[in-house]
Structure formats: C-alpha cells, structure tokens
Amino acid sequence: ASLRAAGAGLPLAAAAVLAAGSRRLGRRLTPYPRPLEGTALETGGIYGLIRHPLYSGVILAALGVALWKASAWSLGAGAALAALLNAKAAREEAWLSERFPAYADYRRRTRKFVPFLF
C-alpha cells in the first residue's frame, strides 16, 4: 500500500520537474535531441541541478505509474523508457558538446537525471 501511495505522488513531482524545464526553455523547447540553431546553452534554473529535466520528469512519471499500479509490466515498460531516454540524452550530449565548448564543464558539474546522484 505504501508503494502505491508513493507512486500516486510521483507524477505530481514529475509535473513540477517538467514544468520547470519547459518554462526555462520556452520557445527553444523541441522534441528533437539536436539543439536549435542560434540558441545558447541553458544552465540556469532546474538546468543548474540536472542536465535533462524533461527526460527526468518523464522517467519519474513512469516510475510513479509503475509503483501505483504495482505491475511488473509497468515497471518493465518504465525501465525500457528510461533506457531509451538515456540513449537519446547521450546522442543529445554529443551534439551539445559539438555546439557549445562550455558543455564539457557543465557536464562535469551537473548530474544527468537526478540532482547530486546520477
């Protein structure tokens, strides 16, 4: 029962993370991993804590649903989604590194998906 309760709350946290990331990017938000031409590297706001808050929010929501449903299938689907977004983030980071010389330093000091952990 406690896992289901935790799962029910995670989508709210996911929505906050998604909103913060989306709001910070504004018109620069795109579903494609290649950064838009003429944009600057975003390192402020939630991007100062994690490099990929939009992917983090989606993963957090999937985890919440899996816990709420207490379903092995949902957990497996969430894990597959996390693996896919991790691969997409790796491709995106390669393009960001090519475009922005400061990306290497940003990557060293900022976690990928979870503040202070991963």
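The values are calculated or read from the model by the stated rules, or taken from the named source; none is laboratory data. All values derive from a computational prediction rather than experimental measurement. Here Cβ is always computed from backbone atoms with ideal geometry, including for glycine, and neighbour counts include all displayed protein chains. The accessibility values were calculated without ligands, DNA or RNA, using every heavy atom of the protein model including side chains. Shrake-Rupley method; radii C 1.70, N 1.55, O 1.52, S 1.80 Å.
Remarks
- Centre separation in Å (Cα based) which lies between region 17-42 and region 68-93: 21
- Between the amide H of residue 111 and those of 51, 116, distances stay under 5 Å, these residues lying 5 or more places away or on another chain, with hydrogens modeled in the peptide plane.
- Anisotropy class of the chain from Cα gyration tensor, a/c 1.5 cut: prolate
- Carbon plus sulfur fraction of accessible area for the chain, probe 1.4 Å, in percent: 66
- Full extension of the chain between residue 110 and residue 80 yields a length gain of 8.4 nm, computed as 0.36 nm times the residue separation minus the alpha carbon distance.
- Spin-label model, residue 99 to residue 32: label points 7 Å out along the Cα-to-beta-carbon direction sit 1.0 nm apart.
- Each residue, residue 8 and residue 43, gets one label point 7 Å from its Cα in the Cβ direction; the gap between the two is 4.2 nm.
- Of the peptides 31-43, 70-82, the order by per-residue mean of other Cβ atoms within 10 Å, starting with the highest, comes out as 70-82, 31-43.
- Value of relative contact order over the chain, rounded to a whole percent, pairs C-alpha under 8 Å and six or more apart: 36
- Accessible area per residue for the chain, computed on protein heavy atoms with a 1.4 Å probe, is 61 Å².
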